[in-house]
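S.K.: Let me give you the structure first, and then I'll get to my questions.
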């Protein structure tokens, strides 16, 4: 199977107010196939957020190629990339419109990439599907289609954001610590639903997480990123025999010193 996403020799640096440049990536290479689910862990400053920003087009690439379906999208503006990729943020408030109802939010996501007039179309024919999908979460969202998203709990909004991000079956799904702000029970619901959607729809997914157990339990590969380099790339078979303790040992064996305020959850 051909690679869906290829990052070829990515280079990115930032210059501070004193004129000093810090290189985040130097000739970084990475690839994944359709349906791959890759978990990414790494210390603070490893380049995880910058990686997502480069793929989404929020940050301009210095050198290299970002190739999706054999097309170099390096010059694509962010809005054009948004037509075939989605992102779920750590903050539940980023993925939904608080002044719109649950139904309106879902309809807006369902109309992504479509042309419409001054008002977007409310997909009444899809209302039953929305209810059935939300009911699977067991959070009562199927009874709140007419409730404004801003009135929902953080966990409910994040669940809604996940459903919205995957309604149009994007080629690439980016999950930026999307369970970090949630309580353990809701986090498990989100992770289970994430895995179900990714498997069913075969969406190529990259998940940044600080939860080492989630990194082990979910995904076909586990990437460890440090100072802009992939220092570990563990496949599905290797992950079967991996535990949090073994993963921490691998981290320590790389002589990586964590900062005082840095925490990985288990």
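S.K.: For the stretch 97-111, check the following and say yes or no: at least one residue is crowded, with 16+ Cβ neighbours inside 10 Å and touching a strand residue (DSSP E or B) at 6+ places or on another chain (Cβ under 7 Å). Spell out how you get there, then give the answer.
M.R.: Residues of the stretch 97-111 crowded, with 16+ Cβ neighbours inside 10 Å: 100-111.
From what is left, the residues that are touching a strand residue (DSSP E or B) at 6+ places or on another chain (Cβ under 7 Å) are 100-101.
Yes, because at least one residue in the stretch 97-111 is crowded, with 16+ Cβ neighbours inside 10 Å and touching a strand residue (DSSP E or B) at 6+ places or on another chain (Cβ under 7 Å).
S.K.: Further question on the same structure: Would you tally the residues in the stretch 160-180 being crowded, with 20+ Cβ neighbours inside 10 Å and not in a helix (DSSP H, G or I)?
M.R.: Of the residues in that region, 9 qualify.
S.K.: Please go through the stretch 61-93 and give me each residue that is touching a strand residue (DSSP E or B) at 6+ places or on another chain (Cβ under 8 Å) and in a helix (DSSP H, G or I), ordered by number. Give the steps one after another, and end with the answer.
M.R.: Looking only at the stretch 61-93, we keep the residues that are touching a strand residue (DSSP E or B) at 6+ places or on another chain (Cβ under 8 Å), and these are 61-69, 72-74, 84-90.
Once the filter is applied, which keeps residues that are touching a strand residue (DSSP E or B) at 6+ places or on another chain (Cβ under 8 Å) and in a helix (DSSP H, G or I), the stretch 61-93 yields nothing.
S.K.: Do you know which residues across the stretch 121-132 are modelled with pLDDT under 90 and either under 30 Å from residue 209 (Cα atoms) or surrounded by 15 or more Cβ atoms within 10 Å (Cβ to Cβ) (or both)?
M.R.: 122, 123, 126
S.K.: Let me ask you something else. Name the residue that is surrounded by the fewest Cβ atoms within 10 Å (Cβ to Cβ), counting only residues in the stretch 6-22 that are at pLDDT 95 or above and touching a helix residue (DSSP H, G or I) at 6+ places or on another chain (Cβ under 9 Å).
M.R.: Ranking the qualifying residues of the stretch 6-22, first place goes to 7.
S.K.: While we're looking at this one, here's another question. I need the full set of residues from the stretch 221-255 which are crowded, with 18+ Cβ neighbours inside 10 Å and outside any strand (DSSP E or B), in order please.
M.R.: 228, 239, 247, 251
S.K.: While we're here: For the stretch 83-95, how many residues are in contact with a helix residue (DSSP H, G or I) (Cβ under 8 Å, 6 or more places away or on another chain) and farther than 17 Å from residue 177 by Cβ?
M.R.: The total comes to 1.
S.K.: How many residues are in contact with a strand residue (DSSP E or B) (Cβ under 8 Å, 6 or more places away or on another chain), part of a loop (DSSP other than H, G, I, E, B) and closer than 14 Å to residue 108 by Cβ if we restrict to the stretch 121-154?
M.R.: 1
S.K.: May I pose another question? Does residue 58 satisfy being in a loop (DSSP other than H, G, I, E, B), farther than 30 Å from residue 244 by Cα, without any contact (Cβ under 8 Å) to a residue 40 or more places away in the chain and more than 19 Å from the chain's Cα centre (by Cα)? Don't jump to the end; show me each part of the working.
M.R.: Details: in a loop (DSSP other than H, G, I, E, B): yes; farther than 30 Å from residue 244 by Cα: yes; without any contact (Cβ under 8 Å) to a residue 40 or more places away in the chain: yes; more than 19 Å from the chain's Cα centre (by Cα): no.
No; evaluated as a whole, the condition is false for this residue.
S.K.: Let me ask something else. If only one of 25, 37 is at pLDDT 95 or above and more than 19 Å from the chain's Cα centre (by Cα), which one is it? I'd like the intermediate steps shown before the answer.
M.R.: Working: 37 fails: more than 19 Å from the chain's Cα centre (by Cα).
The unique qualifying residue is 25.
The values are calculated or read from the model by the stated rules, or taken from the named source; none is laboratory data. The shown structure was predicted, so the numbers you read here are calculated from the model rather than taken from an experiment. FYI the Cβ positions are ideal-geometry reconstructions off the backbone, even for glycines, and counts take in every protein chain you see.
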